[in-house]
Amino acid sequence: MWQVLLAMLHRRRGTTLLAGGGFFLAACTLILLTATTQSTVIRANDIISQNWRPTYDLVVLPPQAKPPASKTVPADFMAGYGGGISMQQYQQIKKISGVEVAAPISYLGYVNIPPPDVAFSTERLPGGYYEADWTLTASNGIQTLTERQQRSLYYLPPSCDTIDSLRQRLSSHQALSSALDKQHIQVTDSSCGFNGGGGPQTFTSVNTGPFLLTAIDPNAENQLVHLDQHIANGRMLSEQDTLAPNGSMSVTPVTNIPRYGVPLLLQQRLPGQLKLQVSFKRLTGQDIDLQQVIDRGGASYLTHLPNQQQIVSTEAPTLQNSLPGVLKQGYLPALQWNSRSWQPIDNLGGDNSMTFLSQPSGLTYQSVPAPDGQGGSAYTLIPSTTQHPPALPKSLQGQQNGAPETVPSTQQGPDVAFRDLTPLHVNDSQQAPMYIKANYETNFVGQFTSPSIAAQFGNPLNWLPETSYAAQPAQLQYDAQGKPVAAKDLQPTTNPAGFMLQPPVALTTMAAAQKIMGDKNISVIRVRVAGVGSASEASWCKVAQVAQEIRQQTGLQVFVTLGSSPQPTLVYLPGLHAGQNGSTREIAPIGWVRDSWIYIGAAVLYISQLGSTRLLFLAAILLVCLGYLIVNFSALASAQQREFAVLSALGWRPWQPIRMFLGQVLLLALVGGICGIGVALLLAVLLQMPPLLPVVIWTLPVILLLALLSVIYPLGYIWSVRPAQALRAGAGAQASGRADRERQTRAWSWLSPLLSLALTNLARMRMRALIAMASAFFTALLLIIMLNGLVAFRQSLQGTILGDTVLIQTQLPQIAGVVFALVFTFLSVANLLLLQVRERRQEIGLLQAVGWRPGLVQRMFMQEGLALIVCGSIPGAVVALWILVQQHATQRIVPTPLIALAVLIVMGILGTLATIPAMRQAKRLPITEILRAE
């Protein structure tokens, strides 16, 4: 029997190679796809494991915090909370089981420190009139904005002997004093009280804006970010640093207002490009009487005098850019220009009083369409309804009086305010005349390097909106008209209500914040959970359990940040028209900025998606391969039915042909499977993708299982063959009778004659047609489900920076899975049509003998192939859509019906291409030999 089996396989060499090739491809696909998928999954898991845990695992927000409606939160979701969490709740959180570190942050708000006094010479300046021009500029990364300009004129008496009489004159002549104030002309000679009148004169520099003050728990911050390892000068804050009476001057003389020193740890340098340019010149050395100056035009007269002398034109230091010698005595020193650099003046400090001004709110977003057809979410910022800073506290009102500005300007800035500023009244009292209940003064203890510590939050794959040490990453992508522009990184300015805020200039302790702001001063608590291991759902669930415990015990809002990743989101920064929202100026829009929003729990979703996607790939490939094998062996059984009929007529039992056919299938499976395993192992070695040993071991059993499953229908077909009918009908054993043919012809009479004949031919061989349509049905169904799964997987990953990185690592198996499925589909249809051409040789010969042109015969086979694809693919697409709807497997990147339409088009193209071998075979048939044999 083995000789007959091998002879039959040899006689049908083409069919045998196609069937064995199916097992060969199945084995190669199983090993190579598993190896590539496994290697990319391992790589993706490594990426997630290395980047899934940021500095802290969860964040606790105050009760007034609004939870986001989705898993995506804005980049400023930790800002805008001045307080709300009490110290008791903080202590309660520290005691919860599983909390390794709980590090609070208290955003105390904007604080003003008067600018330092400066001396433009190391010696006393000669008498005369002088001018100081100050220009504060800040670059937002796109343009340089003039934040503040100020010009002050000074009259220096020729000697200290006349200063007292001059001041008495001004005090008694209010009209002259008022006129000088309006012209910004001051009478000064600060050197008269310094070193016996022989030292340099000092002048007050311009205020560079308020700065954010933040409170921390020093011990907790050291555990979380190792702040103590980034101290550049001085020392680190400690728990012993708290608000305390300021040395021997615990009260202000005369008024008995208490004075407190606030311990401050200063950032060495803030991000951004802030510059304070100063020009100091001597307008004239003439001792012109003040009344004459007013009578001749005041400031305009002085600034147009000839022979002016430039003394200094340079960049002045600011608190944001670190003042030299700021830590020498714990307060801001006076500075002196020595013709080369700014140096502190020994034993001469400036005013180091602190005034609490306001607290900024969060940003308000509105959803809008994205520019330039970009997908995903996009938002526009809503400007604040008040574009002017709030009114000054009572304790600062009346302090300017024509003197150089010592508090932030109440005039509108050059850029839009997007945040509301809530005034603070920490220093203020309702009691006149001072309206001050306490004086808070700076007590600088050290400096830390913000760039080095910001690197801990600088990982782009797991960045969190931690702006205590660095500004948020934001990049201009489109202009105001939505046109792409060269990417530019945005930088914060001095605008206290702007889109991007400067990180806090200084840090203080929670103990000091509690005494200043009260018990409920904590804005945010960052928590690190103990025992969190590798990237897994179990680790995430452990953190989520601690978060739930915090919610239950404290009633606070908690977000799990473990496994989060930035999701670039387009945000539009609008401008303002004059009069809009109280604006006094026209401000142009900036355009569309790519902001870093946060997708909560992205890494955990990716881990689960990676595993399910791998299973989807393998299942889809194996099922499509199974359909291909069923078509091949059904065609092989049909082609061998005449031989089986002859063997049955010679006395073979019914089960003997079945056993012989099963032997053929198993032999092809063994040979094809072993060859496929060998080639796959060789390719895996060449591609440096070591396959999994269990997969290699189980590949051959899986191939044999595929063989048994694919042979079930062909064996039933062989069992039903009647020898007499098969021998009488020849190759077309399934040909219907005349009545059936007439009935089928009438059924397709409304179609074109050629298409009607094609459908009639398919109906005559309905079983084989049903097998082919079933193959197309399952192929279309699997392709739609698989492609929808791939798009859903891409949707779940795409958008976040971590997801984009993982996608790059998982592209190969995704593409390979789709390619293998399409290859099997093409081979299935091509093989079936080739076999039909071979079995209908007599029919083709008769058609050409009665006058059919070869092109017409080819068109008939093309229409038969397309009919098989269409009749099988459309029901498959409908069933696939129903399955996806039932499973709610929706995704937003590409509509699922569009995927189904694309698959149907691809199937139609494959069906068309698969008819080409059959048409070429039909064209080359030897018609004369066929008719002679007939």
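Quick one: is Val532 surrounded by fewer than 23 Cβ atoms within 10 Å (Cβ to Cβ) and of a type outside the set (Gly, Ala, Ser)? Yes, satisfied. I'm checking my understanding of the structure. Among residues of the stretch 648-681 that are among the hydrophobic types (A, V, I, L, M, F, W, C) and surrounded by 20 or more Cβ atoms within 10 Å (Cβ to Cβ), which one is modelled with the highest pLDDT? Within the stretch 648-681, the match that is modelled with the highest pLDDT is Ile677. Among residues of the stretch 90-126 being of a type in the set (Phe, Trp, Tyr) and closer than 28 Å to Leu424 by Cβ, the one that is nearest to the chain's Cα centre (by Cα) is Tyr107. Within the stretch 545-558, the residues that satisfy the criterion of being in contact (Cβ under 8 Å) with a residue 60 or more places away in the chain and part of a helix (DSSP H, G or I) are Gln545, Val546, Ala547, Glu549, Ile550, Gln553, Thr554.
Here Asn219 fulfils each of the conditions (1) touching a residue at least 24 places away in the same chain (Cβ under 8 Å); (2) in a helix (DSSP H, G or I); (3) within 30 Å of Ala530 (Cα to Cα) apart from (1). Candidates are the residues of the stretch 682-694 that are surrounded by 18 or more Cβ atoms within 10 Å (Cβ to Cβ) and hydrophobic (A, V, I, L, M, F, W, C); the one that is modelled with the highest pLDDT is Ala684. Pairing each residue of the stretch 339-362 that is closer than 24 Å to Thr214 by Cα and among the β-branched types (Val, Ile, Thr) with any residue that is modelled with pLDDT of 85 or more and part of a strand (DSSP E or B), provided the two are 6+ apart or on different chains, yields C-beta distances under 8 Å for Thr355/Val111; Thr355/Asn112; Thr355/Tyr440.
The set of residues in the stretch 222-241 that are under 20 Å from Ala530 (Cα atoms) and of a type in the set (Val, Ile, Thr) contains only Val225. For the stretch 453-462, the condition holds for no residue, the condition being that it is over 21 Å from Asp57 (Cα atoms) and polar (S, T, N, Q). Of the numbered criteria (1) touching a Leu at 6+ places or on another chain (Cβ under 9 Å); (2) in contact (Cβ under 8 Å) with a residue 40 or more places away in the chain; (3) outside any strand (DSSP E or B), the one Ser177 fails is (2).
The values are calculated or read from the model by the stated rules, or taken from the named source; none is laboratory data. Note that the coordinates shown come from a computational prediction; the quantities given were computed from them, not determined experimentally. For neighbour counting, all protein chains shown are included, and Cβ atoms are generated from backbone atoms with ideal geometry for every residue, glycine included.
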